[in-house]
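Peer 1: So that we are looking at the same thing, I have put the structure below in structure tokens.
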Amino acid sequence: MVNKLKISSLEANTIAPEMQYNTSRGKLLLPEYGRNVQNMIRHAMELEDRNERNRAAIAIIEVMGQLNPHLRDVDDFRHKLWTHLFIMSDFQLDVDSPYEIPKREVLEEKPQQMPYPKSKIRYGHYGQYTQLILEGAKNMSEDEKEFLKDKMGNFMKKQFLIHNNNTVENNVIAQQMKELSHGVLEIDNPDEDLTSTNQMLRTLGLNNNNQGRRPNNRNKKKNQKKYKK
């Protein structure tokens with residue numbers, strides 16, 4: 001009985017090879033093209049005549065373009081198709097390409113590692129450029145410092161409110177500006193020199209916790225009707 005099962009299993013593998021599991025097949029280098037294209041490329045590699053291989057490669061390129069019509073929107077999409085053709089052949093297909101044949105070393109080359117920025121930002125809601133501008137105030141003239149205090153003070157207050165759209169004390173903005181500029185920029189009267197919080201919130205389209213609330217008169221009207229009865 002065991003021998004019969006072995007024979008029947010062997011016959012099934014020979015009669016219906018398409019019922020094999022994908023795990024037992026070769027690896028798909030570019031799965032988006034499917035196994036049929038991979039088999040076509042493998043068949044083209046087995047052709048001995050170079051002219052036949054060239055004709056087969058051109059036919060495969062046409063099939064690849066039909067399977068992936070979105071590549072037509074890519075600049076020089078046929079060049080991309082030919083590159084994919086050589087990748088799926090594991091760079092072993094010997095045909096005449098209208099483009100430069102890609103090299104495995106170039107395509108598998110890893111990009112250089114980008115250095116991670118190491119600069120420290122004292123207050124994240126202001127950003128790095130605000131900090132750099134305030135640090136550079138020491139090299140400015142007195143008129144430029146006065147102009148910078150006015151503009152950067154309101155800008156810092158605006159950034160603070162965007163980050164925390166509730167409220168902010170003007171002396172906090174003045175203190176943080178003095179800190180970031182290393183004592184060069186100092187606002188004498190923050191409450192007078194800076195724009196009011198309510199006006200800035202209206203400009204930004206933000207509301208305080210107490211703003212935008214409508215009094216609930218529904219219960220009041222119900223009670224009035226009740227007493228009238």
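The values are calculated or read from the model by the stated rules, or taken from the named source; none is laboratory data. These numbers come from a predicted model, not from an experiment. Here the Cβ is made from the backbone with ideal geometry for all residues, glycine too, and neighbour counts use every protein chain on show.
Peer 1: Can you go through LYS158, LYS178 and tell me which one is part of a helix (DSSP H, G or I), in contact (Cβ under 8 Å) with a residue 12 or more places away in the chain and surrounded by 15 or more Cβ atoms within 10 Å (Cβ to Cβ)?
Peer 2: Exactly one residue qualifies, and that residue is LYS158.
Peer 1: Condition test on GLN112, is it at pLDDT 90 or above, more than 20 Å from VAL172 (Cβ to Cβ) and not small (Gly, Ala, Ser)?
Peer 2: So GLN112 does not fit the description; no.
Peer 1: Failed condition for VAL168, given (1) under 24 Å from LYS120 (Cβ atoms); (2) at pLDDT 85 or above, with all others met?
Peer 2: (2)
Peer 1: Got a sec? Which of ASP90, ASP96 is at positive phi and charged (D, E, K, R)?
Peer 2: ASP90
Peer 1: I would also like to ask the following. What are the residues in segment 98-130 that are of a type in the set (A, V, I, L, M, F, W, C) and out of contact with any helix residue (DSSP H, G or I) (no Cβ under 8 Å at 6 or more places or on another chain), if any?
Peer 2: Matches in segment 98-130: VAL106, MET114.
Peer 1: Right, next: Given the options PRO115, PRO98, PRO111, PRO190, name the one that is in contact (Cβ under 8 Å) with a residue 12 or more places away in the chain and loosely packed, with under 13 Cβ neighbours inside 10 Å.
Peer 2: None of the others qualify; the one that does is PRO98.
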